[in-house]
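I have placed the structure first, in the form of structure tokens, so that the comments after it can refer back to it.
The values are calculated or read from the model by the stated rules, or taken from the named source; none is laboratory data. What you see is a predicted model, and the numbers here were worked out from it, not measured in a lab. We place every Cβ from the backbone using ideal geometry, glycine too, and count neighbours over all the protein chains shown. Accessible surface is based on the protein model in full, side chains and every heavy atom, while ligands, DNA and RNA are left aside. Shrake-Rupley method; radii C 1.70, N 1.55, O 1.52, S 1.80 Å.
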Amino acid sequence: MEFDTIAAISTALGEGAIGIVRLSGDEAIAISDKLFKGNTPLADVPSHTIVYGHLLDDEEKTTVEEAMVTVMRAPKTYTREDVVEINCHGGLVSVNRVLQLVLRHGARLAEPGEFTKRAFLNGRIDLSQAEGVMDLIRSKTDRAMNVALRQVEGRLSAKIQQLRQAVLETVASVEVNIDYPEYDAETVTHGILQEKMSFVLQEIEALLVTAKQGKILREGLATAIIGRPNVGKSSLMNSLVHEAKAIVTDIPGTTRDTLEEYVNVRGVPLRLVDTAGIRETEDIVERMGVERSRQALKEADLVLLVLNYGEDLMVEDEALFEAVEGLDVVVIVNKTDQEKRLDMEKVRKFADGRPVVTTALIHEEGVDRLEEAIGELFFAGGVEGGDLTYVSNARHIGLLEHARQTARDSLSASDRNVPIDLVQIDVTRTWELLGEIIGEDIQDSLIDQLFSQFCLGK
Ligand SMILES: Nc1nc2c(ncn2[C@@H]2O[C@H](COP(=O)(O)OP(=O)(O)OP(=O)(O)O)[C@@H](O)[C@H]2O)c(=O)[nH]1
Ligand SMILES: [Mg+2]
């Protein structure tokens, strides 16, 4: 494909030791040569080498920067085009100046994600791999990063290709049938369809099993800390993020608005939400806070339900147990340094098999046990360190769910001996849906929208 030459600052903006301005396209080397002065012109240096020199301002003929310039010729580059990376001094002014210089000499400012988009359009990676690149940059824990890395390497793509191949074999067999009905191979075709589509369905289902965990690794587990006022919810938030983020006082009703923080607990990324203590109140602001707590509870994947060891179980506590029915919950009995008033038997009964952890957060006691309980809850089922072909992207999950449906439809139609050319419709649709995951048969507008979510310079 033919493209113009693009440029962007590829390092994070801010003060740093070095900053990089990257160019990609047919003119990348020629444009760089216009402003670069070193021992040899860039056009003559071997590919994939880095050279030292200066950048000159064409108008004022002054040296703008001292730079190390990497020349990478197509096709073995990130975009499959000629790529030049200008390493200059880090710092907002410096990198911006270099960028301006490059733009003045004929490069166009890249759109967000445009380098990766080119890698996709030039066929180096498929769409799911490109999306993996974005996840990689945004990953918040090691584990999430490993999952993204596998996706960039093409694990998911390979799986999808394999499934599409199986669907294609079905299609081919059906086509033969439609074209040569005199052979009356319909029974054979139904047999092939049953076999192949069952396999495809099974594999899609297996992928979707990983979806929940994959999505959590990517977006963080929405975790709401709830409990009556003053039980120690904000103390818990602070203990988990290892910082005094939330205000803690002995006044019930201290927290009035929800407060959010990301934290990595044993490899599980939590999007932790501290909430206002839930109680009936006349105070308008507090009441709005309580409403938000209820909302946070509704949106939570995991609930940390905090109780007070120094008080009897109250009706409000019991109401909370009711509210979290069916959710993943860890019960935290806090303030164990106080005299015991809580009936632990009763708590266990209400917890109904869900983990109960005791803490004295005022002394940072029990935080370890809590972290362990969260880790165990999440990685129960031993997925840890196993096959990392997670499906984590909402777009992929949506397409897989749809493909699961069309695969099922084709099987049940075949079961009912529906004419094979009608069954074919569902089979073909399955093929298309799987294709969309890796970016085949996908609309340009959707591609533009996907890449626009990237950061500048990637
Ligand atoms: N004795 C004792 N006090 C604690 C413990 N944990 C927290 N506290 C105290 O309990 C009080 C309330 O703690 P917070 O963390 O603000 O409680 P909260 O649940 O966020 O309260 P609201 O925001 O008002 O709903 C503070 O004075 C804390 O210092 C503990 O383990 N033992
Ligand atoms: Mg609080």
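Tabulated data
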item: Verdict on Ile362 being of a type in the set (A, V, I, L, M), in the same structural domain as Pro252 (by TED's automatic domain parsing) and open to solvent by less than 10 Å² (accessible area, probe 1.4 Å); result: no
item: Single condition Ala222 does not satisfy, out of (1) in contact with a helix residue (DSSP H, G or I) (Cβ under 6 Å, 6 or more places away or on another chain); (2) among the hydrophobic types (A, V, I, L, M, F, W, C); (3) within 30 Å of Asn417 (Cβ to Cβ); result: (3)
item: Helices (runs of 4 or more DSSP H) contained in region 39-142 and holding at least 1 residues within 24 Å of Ala17 (Cα to Cα) and either at pLDDT 90 or above or of a type in the set (Ser, Thr, Tyr) (or both); result: 92-104, 114-121
item: Test set (1) touching a residue at least 60 places away in the same chain (Cβ under 8 Å); (2) open to solvent by less than 20 Å² (accessible area, probe 1.4 Å) - Gly253 fails condition number; result: (1)
item: First in region 351-363 and of a type outside the set (S, T, N, Q), second anywhere and within 16 Å of ligand 1 (Cβ to nearest atom) and assigned to a strand (DSSP E or B), Cβ under 6 Å, 6 or more apart; result: Ala351/Val331; Pro355/Val330; Val356/Val331; Val357/Ile332; Leu361/Asn334
item: Leading residue by the ranking (farthest from Phe3 (Cα to Cα)) among those in region 31-85 that are in contact (Cβ under 8 Å) with a residue 60 or more places away in the chain and open to solvent by less than 60 Å² (accessible area, probe 1.4 Å); result: Leu35
item: Single condition Gly123 does not satisfy, out of (1) surrounded by fewer than 22 Cβ atoms within 10 Å (Cβ to Cβ); (2) within 19 Å of Asp58 (Cβ to Cβ); result: (2)
item: Residue check, Val231 touching a helix residue (DSSP H, G or I) at 6+ places or on another chain (Cβ under 6 Å) and either closer than 30 Å to Glu364 by Cα or among the basic types (Lys, Arg) (or both); result: no
